[in-house]
Amino acid sequence: MTIDTSAPARPDTTARTGILLMLLSMLMFSLNDVMGKVLVESLSVSQLMTIRSLAALIVLLPFVLRRGVMSLFRVERPALQALRALLFAVDASSFYYAVGFMPLADAMTYWLAAPIYVAAMSPFMLGEKVGWRRWTAILVGFLGVLIALSPSRETLSLPALTALFGSACFSVAVMLGRTLRATPDLTLVFWQFFGALVFSVGGLALHPSGWVPVEATALLAPALLGIVAMLAHALSNRSLKLADAATVVPLHYTLLFWAVIFGWIFFGDTPRLASIIGAGLIVASGLFIFFRELELKRQGRLQA
């Protein structure tokens, strides 16, 4: 899925290219979110996920054929691969359901809390030692989630709870990804979208009414959604190969900027003050955790 370059680039040029690709990737992920929010108004989540996954797999097919189909089956820890694919399917389905009822910025705020959940779970799932500095940042991040959610009878709605559940599934999937580092990117992405296809088709089998009759031309938009998502993943992966993580990973938080802008332009959403404060705490906490972990890796230590 990566594009080979014929000549080596200067280090500074390579890093700048990595930054630009990550920024473009986040923009495309945001467009994916906007398209999903629009499409769930006329399509069920299962139908949208089915078409999206098929389109993504078709885009992946040439890369799979080039590497060899059998390479997809030579994977480490198949059970964890299957669980990871299932969690990502639940994550995507939860997101598309949630944004059908709530502002983009609110839904994105919950998903951007994923690094905080990962840091909180790492001592229990990966045996990593977390010191008081990161625990403090984790608590601040959770406070940001509570402020953004503003728990009440109105805010504790099914869409909001679904968004939180989806972001938790995403976090566990990310944790599993840490244990599957030896698996090639192409294999991970293929099984991720294949799992989403199986999950969504299963949902349609249980609830056939979820397939809404549409004209053939109407299938182009959800298919484009899958292609946009695939390109966003490819750009993000390529960016991480051109620039160091400390440079490009913090750019993930530009997703919140685009969510606010696109939410206002396309849906007339105005961010709540609680959402802005909560998002600020979540971003600050996530960045602290990320840079603290980088510092510990440079020092060769596992604890803060």
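None of the figures in this text is laboratory data; all of them are computed from the coordinates on show. On a predicted model such as this, the values are computed, not experimentally measured, just so you know. No Cβ is skipped: glycine too gets one built from the backbone with ideal geometry, and neighbour counts run over all protein chains shown.
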At R0 = 41 Å, FRET efficiency that the Cβ-Cβ distance of TRP211 and MET125 yields, to 0.05:
0.65
Got a sec to turn the phi values of the stretch 13-29 into Karplus ³J(HN,Hα) couplings, 6.51 cos²θ - 1.76 cosθ + 1.60 with θ = phi - 60°, whole Hz, x for Gly and Pro?
5, 4, 5, 4, 5, x, 5, 4, 5, 5, 4, 5, 4, 5, 4, 5, 4
With N denoting the number of residues in the chain, provide Rg(C-alpha) divided by 2.2 N^0.38 Å, to two decimal places.
1.00
Could you give each residue of the stretch 247-254 its phi-based ³J(HN,Hα) in whole Hz, using Karplus coefficients 6.51, -1.76, 1.60 with θ = phi - 60°, and x for Gly or Pro?
7, 9, 4, x, 5, 4, 6, 5
Looking only at lysines whose Cα falls under 19 Å of LYS297's and that sit 8 or more positions away or on another chain, we get LYS129, LYS241
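Hey, with R₀ at 45 Å, roughly what FRET efficiency would ARG66 and LEU273 work out to, going by the Cβ-Cβ distance, to 0.05? Walk me through the numbers before you get to the answer.
Values: r = 51 Å, r/R0 = 1.13.
Efficiency computed from Cβ-Cβ geometry: 0.30.
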On a straight-distance basis, which lysines could pair with LYS37 in a cross-link, Cα separation under 26 angstrom, same-chain partners fewer than 8 positions away excluded?
none
